[in-house]
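The values are calculated or read from the model by the stated rules, or taken from the named source; none is laboratory data. Quick caveat, the model's predicted, so the values are computed rather than measured. Positions of Cβ are generated from backbone atoms using ideal geometry, with glycine treated the same way; all protein chains shown enter the neighbour counts.
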Amino acid sequence: MKLISWKMPISTKLTRALGISHPLIQGGMHYVGYAPLVAAVGNAGAIGCITALTQPTPEALQKEIHACKAMSKKPFGVNLTLLPMLQPPNYDAFAQVVEDEMASGQLRLIETAGHFKGLEPFVKRFKAAGAFVIHKCVTIRHAKSAEKIGVDMISMDGFDCAGHPGEADIGNWVLFAKAARELKIPFVASGGCADGKQLAAAIAMGAEGMNMGTRFMATVEAPIHDNIKQALVDADEHSTTLIMRTMRNTERVYKNKAAADVLQIEKENPGDFSKIGHLMKGENYRKTFQETGNVEEGVWSAGTVMGLIDSVVTCQELCEDIVTEAERVISTRLASSVTTVSDDEEAPKAGPTMIPHWLLQYSYVEDVVQKRKPFLREHLKLIGEFKAAGRFVMGGVLNDLSGATIIFKNKVDADEFATRDPFVENGIVTKHEVKEWSVVG
């Protein structure tokens, strides 16, 4: 008998709204958020965002969107950031491309970021076109403003994040807890996110998932120079620095020679962007990521999460590792931390007890919906019999219809059910396994 793995899918408002398997977002990143990465993230069951303003023109953005659609049939998103610039791009033209490309239904998520001046009309346009709009915020005050103008969800971006953490310096531990208290719309956790323990913690604090940037840079499919990826692996949580604080446009970047030069010039000329403009050019950023791979050149965003990055993996491996770890933490560590306490002070303070149950795990044939029809009535009848006799705890089909899991109180009942199930007898079940699964009582 071939063993099969069993997973407890994590379903949240984020996964249900966007039709994705995992509550993970690859947020917009300059010179990283291109079609190859976004498609790979989507194929891994999460959702990624093409960075609109990394593209030089609206026409180039449309071409990148088409490339993503050719690489994957999964849902994806576009990030549109509105920032104060001396020569702002034609936001209307970029937004029109996004609206036009939403007609197929595959482009579902719009991630917005930046200042609120002029944001509301874009939110209304995108929502009218059918988009699910998530806005990045670094304070609860800003999140409430975004809530008022109609966004669907907030990406709460804590001080740990790469890029622009704002000027309030609020860490995730307080930011997420307060968002859960204050906001009327859901939120996802952002800033410093990389593993399953964090996803479990974020969900426990009220978040609907995680938005990651830097961690997705260290993936096989990220279209950046391998030297940059290795730098992320070699770095730790001390390898960032904050620039442009005197201009109240703080940015967390990788600590390199270029960033040190910016800090020195800023110290001598506080608040004067013209003195550092030559070091901050986007072209320097692009060349570092796309051409030279010289980690000391260019000022480029990276988060403290580098302290949690120890390898370059595929997007599939990353997403599966995160959700598998989160499932394990939620179903074991968190569950085992809850104990029953008696009101009777004289009663002994017993610890948690582990109650053995047994899982019957099925793997189904393809096109199971059609193939199971002749045997479905007898299958349901058998379930009814076991349930009426108290031999069946619960069960259900996996979301993707690839299999099912049924829980019994003892192994004898699980084995008997598998032996008598017409799905097993008639080849609807290609693999099955019975194994012990203890729960806290």
Exercise. Listed residues 431, 381, 387, 371; which is in contact (Cβ under 8 Å) with a residue 24 or more places away in the chain and more than 25 Å from residue 22 (Cα to Cα)?
Worked result: 371
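Sort through 207, 235, 201, 177 and tell me the only one that's farther than 21 Å from residue 318 by Cα and either small (Gly, Ala, Ser) or touching a Lys or Arg at 6+ places or on another chain (Cβ under 8 Å) (or both). Steps first, please.
Details: 207 fails: farther than 21 Å from residue 318 by Cα; 235 fails: farther than 21 Å from residue 318 by Cα; 201 fails: farther than 21 Å from residue 318 by Cα.
The match here is 177.
Every residue in the range 254-291 that is among the polar types (S, T, N, Q) and either exposed (fewer than 14 other Cβ atoms within 10 Å of the Cβ) or free of Cβ contacts under 8 Å to residues at least 12 places away in the same chain (or both), please. Before you say what the answer is, go through the steps one by one.
The initial filter retains those residues of the range 254-291 that are among the polar types (S, T, N, Q), namely 256, 264, 269, 274, 284, 288, 290.
If the condition is that a residue be among the polar types (S, T, N, Q) and either exposed (fewer than 14 other Cβ atoms within 10 Å of the Cβ) or free of Cβ contacts under 8 Å to residues at least 12 places away in the same chain (or both), then 264, 269, 274 are the ones that fit.
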Exercise. Between residues in the range 403-419 that are farther than 13 Å from residue 390 by Cβ and residues that are among the β-branched types (Val, Ile, Thr) and part of a helix (DSSP H, G or I), which pairs lie under 6 Å by C-beta distance while being six or more apart or on different chains?
Worked result: 418/424
Problem set entry | Scope the range 115-148; condition within 27 Å of residue 160 (Cβ to Cβ) and aromatic (Phe, Trp, Tyr); matching residues | 116, 132
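Only one residue in 103, 113 is crowded, with 20+ Cβ neighbours inside 10 Å and either aromatic (Phe, Trp, Tyr) or modelled with pLDDT under 95 (or both). Which one? Before you say what the answer is, go through the steps one by one.
Working: 103 fails: crowded, with 20+ Cβ neighbours inside 10 Å.
Criteria check complete, one pass: 113.
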Problem set entry | Conditions (1) surrounded by fewer than 24 Cβ atoms within 10 Å (Cβ to Cβ); (2) touching a residue at least 24 places away in the same chain (Cβ under 8 Å); (3) farther than 17 Å from residue 326 by Cβ: number failed by residue 27 | (1)
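Residue check: is residue 220 closer than 21 Å to residue 171 by Cα, touching a Cys at 6+ places or on another chain (Cβ under 8 Å) and modelled with pLDDT of 95 or more?
Details: closer than 21 Å to residue 171 by Cα: no; touching a Cys at 6+ places or on another chain (Cβ under 8 Å): yes; modelled with pLDDT of 95 or more: yes.
Considered against the rule, which asks whether it is closer than 21 Å to residue 171 by Cα, touching a Cys at 6+ places or on another chain (Cβ under 8 Å) and modelled with pLDDT of 95 or more, residue 220 comes out as no.
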For this session: Output the number of residues of the range 130-172 satisfying the condition of being of a type in the set (Val, Ile, Thr) and assigned to a loop (DSSP other than H, G, I, E, B).
Result: 5
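Quick one: which helices (runs of 4 or more DSSP H) lie wholly within the range 224-315 and hold at least 1 residues that are assigned by TED's automatic domain parsing to the domain that holds residue 138? Steps first, please.
Values: elements: 226-234, 257-268, 277-280, 282-287.
Counting at least 1 such residues, we get 226-234.
Select from the range 333-342 the residues that are in contact with a strand residue (DSSP E or B) (Cβ under 9 Å, 6 or more places away or on another chain) and exposed (fewer than 14 other Cβ atoms within 10 Å of the Cβ) and write down the one among them that is modelled with the lowest pLDDT. Break it down into steps so the answer makes sense when it comes.
Kept after step one, since they are in contact with a strand residue (DSSP E or B) (Cβ under 9 Å, 6 or more places away or on another chain), are these residues of the range 333-342: 335-339.
Filter again for exposed (fewer than 14 other Cβ atoms within 10 Å of the Cβ), leaving 335, 337-339.
Values: 335: 72, 337: 75, 338: 70, 339: 65.
The residue in question is 339.
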For this session: Considering every residue within the range 63-85, establish whether at least one is out of contact with any strand residue (DSSP E or B) (no Cβ under 9 Å at 6 or more places or on another chain) and within 19 Å of residue 251 (Cβ to Cβ).
Result: yes
For this session: Go through the residues of the range 258-277 one by one and say whether even a single one is at pLDDT 95 or above, small (Gly, Ala, Ser) and within 22 Å of residue 191 (Cα to Cα).
Result: yes
For this session: Give me the pairs, please: first residue somewhere in the range 92-119 and free of Cβ contacts under 8 Å to residues at least 40 places away in the same chain, second residue anywhere and of a type in the set (Ser, Thr, Tyr) and surrounded by 18 or more Cβ atoms within 10 Å (Cβ to Cβ), beta-carbon distance under 7 Å, and either six or more positions apart or on two chains.
Result: 114/81; 119/112
